[in-house]
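Worksheet: one structure, shown below.
The numbers here are math on the coordinates, done by the rules we state, and not lab data. Please read all numbers here as calculations on a predicted model, not as lab measurements. Because the Cβ atoms are built from the backbone with ideal geometry, glycine has one as well, and the counts that use them run over all protein chains shown.
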Amino acid sequence: MTETFDDLRDLYQEVILDHGRRPRHGRRLETYDATAKGDNPMCGDRVQVWLRYAPDGTIAETGFEARGCAISVASADLMAETVQGRSKSDTAALFATFREMARTGVCPACDPTMERLAPLSGVHEYPSRVKCATLPWHALVAALAGTPGDIKETSSE
Amino acid sequence: MTETFDDLRDLYQEVILDHGRRPRHGRRLETYDATAKGDNPMCGDRVQVWLRYAPDGTIAETGFEARGCAISVASADLMAETVQGRSKSDTAALFATFREMARTGVCPACDPTMERLAPLSGVHEYPSRVKCATLPWHALVAALAGTPGDIKETSSE
Amino acid sequence: MTASFDVARIREDFPILRQTIRGKPLVYLDSGASAQKPRVVIDAMVQCMETQYANIHRGLHWMSERTTDAYEAARDAVATLMNARDRSEIVFTNSVTGALNLVAHSYGRGILKPGQAVVISAMEHHSNIVPWQMLRDSHGIELRVAPIDDAGELDMGAFESLLDDGKVGLVSITHMSNVLGTVTPAERIVKIAHAHGAKVLFDGSQAIVHRRVDVQAIGCDFYAWTGHKLYGPTGIGVLWARREILEAMPPFMGGGDMISSVTYEKSTWAQVPHKFEAGTPAIVEGIGLKAAVDYVQSIGYEAMAAHEATLTDHAIARLSAIEGIKIYGRAQDRGGVISFTLDKAHAHDVATLLDRQGIAVRAGHHCAQPLMQRLGVDSTSRASFGVYTTLEEIDVLADTLTRVREFFTR
Amino acid sequence: MTASFDVARIREDFPILRQTIRGKPLVYLDSGASAQKPRVVIDAMVQCMETQYANIHRGLHWMSERTTDAYEAARDAVATLMNARDRSEIVFTNSVTGALNLVAHSYGRGILKPGQAVVISAMEHHSNIVPWQMLRDSHGIELRVAPIDDAGELDMGAFESLLDDGKVGLVSITHMSNVLGTVTPAERIVKIAHAHGAKVLFDGSQAIVHRRVDVQAIGCDFYAWTGHKLYGPTGIGVLWARREILEAMPPFMGGGDMISSVTYEKSTWAQVPHKFEAGTPAIVEGIGLKAAVDYVQSIGYEAMAAHEATLTDHAIARLSAIEGIKIYGRAQDRGGVISFTLDKAHAHDVATLLDRQGIAVRAGHHCAQPLMQRLGVDSTSRASFGVYTTLEEIDVLADTLTRVREFFTR
Ligand SMILES: Cc1ncc(COP(=O)(O)O)c(C=O)c1O
Ligand SMILES: Cc1ncc(COP(=O)(O)O)c(C=O)c1O
């Protein structure tokens, strides 16, 4: 097996397969401060993100429910891990860096905090899969902005 | 001059130029039994044909007014000359033969009565000009059929 | 393979099949989305642009006459292909979507009356749903949906009962599903619809790729399809309709070529089919489409259909044997389009993993969201076949799918 | 010729120019009807079909991703060409006729209200007349026609007074006449129209071939043109409109690619521009159009416009000297399109005689019957120029026309 799909390792690294199969944060939060949905009509992926803030306004916890591919689920889960303890503006900056990495496959601005997200950089080869990776982030950012409605993913990736 | 346009002789034979410039029958009949209009919307050619029948039902006289190119005017004039004295069914058969000749450039079924029309066979190279040559005939046939209304040339040539 | 069908020779006609993807030979199993183009189609387009290109229908010069002839020869070829009674029954549009919208606008708003109904089926492409929804919302036409059974076949009893009240003016239904492969019983549909006073339009985008379509034998009133799926160029589609219906329909778009005369007060329309062909048409594409039709005719529908049946049987046998696979659609009469899901892997991941091995399939809702809902899925993967598809390619697909599942199961 | 413009080198880019017609070198003076295609355009189309062709926007496989990129790159190239603020303001249609009908249907029926008026000019192509007549007749919109003066220029005073009552919702006007060559004062038209609360649509089919179009500088609301006249493929046209206007407009055609979600009860629309691009688009043609735009940009509008001014001045000087000729249109600001009649020969006979000498011109009403009526003619002959046109070709035209007249005068 491994031989045949060796060239898949760049895209489907073990960490993606693992988080895609067994997301740690794949659940609706019992109590939450904000939520938002993301939707990619082109492929049918759907995600909802819930947020709880700490007293200092940083993100205390993130949960999500996703219907989608391994990449979107893994991306949501890795996102949830990464943003824990961060401020809103930190998170927005992180998304910008992540999005750039997903689009281009490289990350000049990456610091160690991005390490957890780096396995997702392989999607840059597939513009349509880039959207899978960024969908949960769009929902997160919408939730942070306090737009709890139905957030559509635009096709601008 | 003549050298340059030698290769035009097949299309614009002297008889066409002559009849195109000075049609013998280019006038509305004072008294008539039938009339019809032809119209080629693609190029803007327009013709009206008037008919007078002899007591035996043959065509006694044909007149026309045409706005169009040398080929349509010459064709109308040569038609008017050719159909004089003919019965309706004769005329219809003549049109069928003429149309075939205009389309193909050859005329296996041609008899001496077609001689006058033969100069028009050059149009076969120009499908869009074939319609110029057949337009007056369409109007004539429509007049013979007793449809005095506004007859449109179809683009079926 | 049948004896008369030499797929290796046919593959040589398609330059793209020599491509490798990521160093692996291309296995193109996405013909249902769009077919590859044989050399003759590409050459016809190039030859037109290099030797005689000009705008058509109103030029008096040599190139315009030649190009007009070549473009109009496409109409003849299509009329023959579909066994139309008359070449003037062939209207060229930009795609089947354009053709279906033409009918929805012109027949829908011009002939159907508010209060009448249009029947579609539960397995339509969005192109045969949305135009009727727009007609419903703007013109007061009711939209009815004929259900399918679990095998993916049209429920004929339910279909007929939708027509019972006599309100249905038009049945617009796929002749072959782009998801399930189901071929619908066209002649029976027409009989039932006509008995209830309804006209019938078939979306033949998939069907005409797979079998001979004889509009007179089917007895329908409209038949629409799209050039790029029949090995032809993009940017051109076909609407066939009975001449008397076309003549009764008001024009859809206004512009050059579709008029007889124009004054500011009033314009009059050209004869059919030109009445429906406003503006400079897809000239080079029409000429390419003729080459595609000639190509298909030279292979022959009988040979193509036999080849496809062989492929489809083999694919269903091989894919069914994969653990955790689910294949959608088990119609008796079906074409070479197979949708499936794997239990352990999402359709998109499947498509991407296959792509890494050079295998092109489609994954998603296939522009048929209501059907997806009926099937209880968000998306499926779909393999679809063309004249150039081989049994070996299907084996590669099946073997790779087995490994894809293992990859996601470890 | 200007120094920077090497027409001999440019001619080498166009394979068709090596053709002979009836043994004579082709003199193609019908670019206003449709332009010839440079090698780069043909190659881009061939290369797409031979190496990466697939349907776009929803494929997950390598070829679909590559082809989607290439097609969407055409949108970027067109956005840059027109200086659109945003690539999503570029809608691809099948032709300018399709673009004008899109506006007439969607903006006309969706935004304009019965009782409002649309202003066109007296020198429109049928494509910019008939859609508004159809809108008038179905939707109760008044159609007003701004007159031209005897030089063939828009009568700006009369134009403004048509807007006086504030009822005009849209001005839809040519940016350059395909008969008279007149370039209309776009920025002044926009100023006046906006001052009266009307939006402005330009039919730029001819204009964009001859000069740089900057939609932000012009300040208009819509701008439409057609690919085949800008050295691009047939089957593709462009509508640019301000994003907020496109967003407010309802969709025109329904189908795949233009939806966000579909259920039988209700569908929601994709973001602009996709909302207006139903069905599989003219993929290969879009890719060809990008090559055409790149080609035009590589020559540069400044060089093209200078070349054309040289040709036009020369042509007017040479043709005016012919006995019995009448040239239509003497606008100050004009492009390389020259209509004329000869006193002794009908326009069709002229075109045919020229064709026998290898010279391709157009003769007829040029899809502008109301303008013909205004000019008091049934038809004219028309010579129109492209980047590949030479002064020598114009000399051949003038010399041959002199002989044509003699031929009909003897
Ligand atoms: C000014 C103008 N408008 C509209 C058109 C129509 O273009 P198309 O036939 O490509 O739709 C043309 C060309 O024929 C034109 O010159
Ligand atoms: C059954 C069916 N109908 C309609 C369409 C739409 O075709 P197009 O996108 O060429 O208009 C397709 C293909 O996408 C199809 O398979």
* Relative contact order computed over chain A (Cα-Cα under 8 Å; 6+ residues apart), in percent -> 29
* Structure fact -> Projected area averaged over all directions for the convex hull of the alpha carbon atoms of segment B:5-148, nm², comes out at 8.2
* To do: Name the residue farthest towards the positive end of the dipole of segment D:38-113 from the options D:111, D:46, D:61, assuming +1 on Cβ of Lys and Arg, -1 on Cβ of Asp and Glu, about the Cα centre.
  => D:111
* Nm distances between copies for residue C:399, ranked from closest, using label points 7 Å along Cα→Cβ -> 7.0
* **Excluding exposed DSSP-loop GluC sites (Glu not before Pro) (at most 13 other C-beta within 10 Å), longest clean stretch of chain D** => D:1-264
* Asked: Cα-Cα over 32 Å: which of C:275/D:113; B:88/C:199; C:199/C:326; A:37/C:37; B:37/D:37?
  -> B:88/C:199; C:199/C:326; A:37/C:37; B:37/D:37
* Structure fact -> Under 5 Å from the placed amide H of residue C:146, counting only residues 5+ away or on other chains, we find C:120, C:121, C:122
* Which net charge results when you count Lys and Arg as +1 and Asp and Glu as -1 among the other residues whose beta-carbon is under 11 Å from that of residue D:152? -> -2
* In sequence order, what are the phi-derived ³J(HN,Hα) couplings for segment D:364-370 according to the Karplus relation 6.51 cos²θ - 1.76 cosθ + 1.60 with θ = phi - 60°, rounded to whole Hz, with x for glycine and proline? -> x, 9, 6, 6, 8, 4, x
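Below 14 angstrom from the Cβ of residue B:65, what's the summed charge of the other residues (Lys, Arg +1; Asp, Glu -1)? Intermediate values should be presented prior to the final figure.
On the way: positive: B:24, B:27, B:28, B:37, B:46, B:67; negative: B:30, B:39, B:45, B:77, D:378.
Taking every other residue near residue B:65 into account, the sum is +1.
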* Asked: Simple spin-label model, 7 Å along Cα-to-Cβ: residue D:51 to residue C:18 in nm?
  -> 1.3
* Asked: residue A:34's amide H: which non-local residues (gap 5+, or another chain) put their own amide H closer than 5 Å, with H modeled 1.01 Å from N in plane and none for Pro or chain starts?
  -> A:51
* Structure fact -> Copies of residue D:83 compared via label points 7 Å along Cα→Cβ give distances in nm, shortest first, of 6.0
* Asked: How many nm is it between the label spots at residue B:54 and residue C:302, if each spot is 7 Å from the Cα in line with the beta carbon?
  -> 5.9
* For segment C:216-269, treating each Cα as an identical point scatterer without solvent, what Debye log10 I(q)/I(0) comes out at q = 0.20, 0.30, 0.32 1/Å? -> -0.91, -1.13, -1.18
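Report the calculated FRET efficiency for residue A:27 and residue D:73 (r = Cβ-Cβ distance, R0 = 30 Å), to the nearest 0.05.
Result of the calculation: an efficiency of 0.10.
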* Whole-Å semi-axes of segment B:25-86's equivalent ellipsoid (Cα gyration tensor) -> 22, 12, 9
* Asked: What percent antiparallel are the DSSP beta bridges of the protein assembly as shown, to the nearest 5?
  -> 70
* Lys/Arg Cβ at +1, Asp/Glu Cβ at -1, dipole of the protein assembly as shown taken about the Cα centre: which of C:161, C:226, D:383 is farthest positive-ward? -> C:161
* To do: Can you give me the P(r) profile for segment D:261-381? Cα pairs, bins 10 angstrom wide beginning at 0, each as a whole percent.
  => 10, 25, 24, 21, 12, 7, 2
* Taking the Cβ of residue D:295 as the center, what net charge do the other residues with Cβ under 14 Å away carry, scoring Lys and Arg +1 and Asp and Glu -1? -> +2
* Based on alpha-carbon positions alone, could you give the equivalent ellipsoid semi-axes of chain C from the gyration tensor, as √(5λ), descending, whole Å? => 36, 28, 17
* Structure fact -> Mean-square fluctuation maximum in Gaussian network of chain B, Cα pairs under 10 Å, restricted to B:81, B:61, B:115, hits B:115
* To do: Please find the FRET efficiency linking residue D:330 to residue C:244, where r is the Cβ-Cβ separation and R0 is fixed at 56 Å, and quote it to the nearest 0.05.
  => 0.70
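Pull up the DSSP beta bridges for chain A and report the antiparallel fraction as a percent, rounded to 5. All intermediate terms of the calculation are to be shown ahead of the outcome.
On the way: 15 of 16 bridges.
Once the DSSP bridges in chain A are tallied, antiparallel ones form about 95 percent.
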* To do: Tabulate in residue order the Karplus-calculated ³J(HN,Hα) for segment D:186-192, using 6.51 cos²θ - 1.76 cosθ + 1.60 with θ = phi - 60°, rounded to whole Hz; enter x for Gly and Pro.
  => 4, 5, 5, 4, 5, 4, 5
* Treating the beta-carbon of each Lys and Arg as +1 and of each Asp and Glu as -1, no other charges, what is the dipole magnitude of segment C:42-298 about its Cα centre, to the nearest 20 debye? -> 400
* Can you spot the aspartates and glutamates whose alpha carbon is less than 18 Å from residue D:167's alpha carbon? Ignore those fewer than 8 places along the same chain. => D:137, D:142, D:221
* Asked: Where the only charges are on Cβ atoms (+1 Lys, Arg; -1 Asp, Glu), what is the dipole of segment B:5-148 about its Cα centre, to the nearest 20 debye?
  -> 420
* If you take every DSSP beta bridge whose two residues both sit in chain C, what share of them, in percent to the nearest 5, is antiparallel? -> 60
* Residue-wise HN-Hα coupling along segment B:84-90, computed from phi with Karplus coefficients 6.51, -1.76, 1.60 (Hz; x: Gly, Pro) -> 4, x, 9, 7, 4, 5, 3
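Can you tell me the dipole magnitude for segment C:257-404 around its Cα centre, using point charges on the Cβ only (Lys, Arg +1; Asp, Glu -1), in Debye to the nearest 20? All intermediate terms of the calculation are to be shown ahead of the outcome.
Values: 13 positive and 18 negative charges, 84 e Å.
Here the size comes out at about 400 debye.
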* Under a 5 Å amide H to amide H cut-off, with H placed in plane at 1.01 Å, what residues pair with residue C:141 once short-range neighbours are removed? -> C:115, C:136
* Which FRET efficiency value, to the nearest 0.05, is calculated for residue C:391 and residue D:11 with the Förster distance at 56 angstrom and r the Cβ-Cβ distance? -> 0.65
* To do: Can you spot the aspartates and glutamates whose alpha carbon is less than 19 Å from residue D:344's alpha carbon? Ignore those fewer than 8 places along the same chain.
  => B:14, B:18, B:45, B:65, B:77, D:323, D:355, D:378, D:399, D:406
* Other copies of residue C:158: label-to-label distances in nm, shortest first, labels 7 Å along the beta-carbon direction -> 6.3
* **Relative contact order computed over segment C:279-340 (Cα-Cα under 8 Å; 6+ residues apart), in percent** => 27
* Asked: Per residue, how much space in cubic angstrom lies within the convex hull of the C-alpha atoms of the protein assembly as shown?
  -> 187
* Can you find, among D:17, D:138, D:33, the residue farthest towards the positive end of the dipole of segment D:1-159? Put +1 on the C-beta of Lys and Arg, -1 on that of Asp and Glu. => D:17
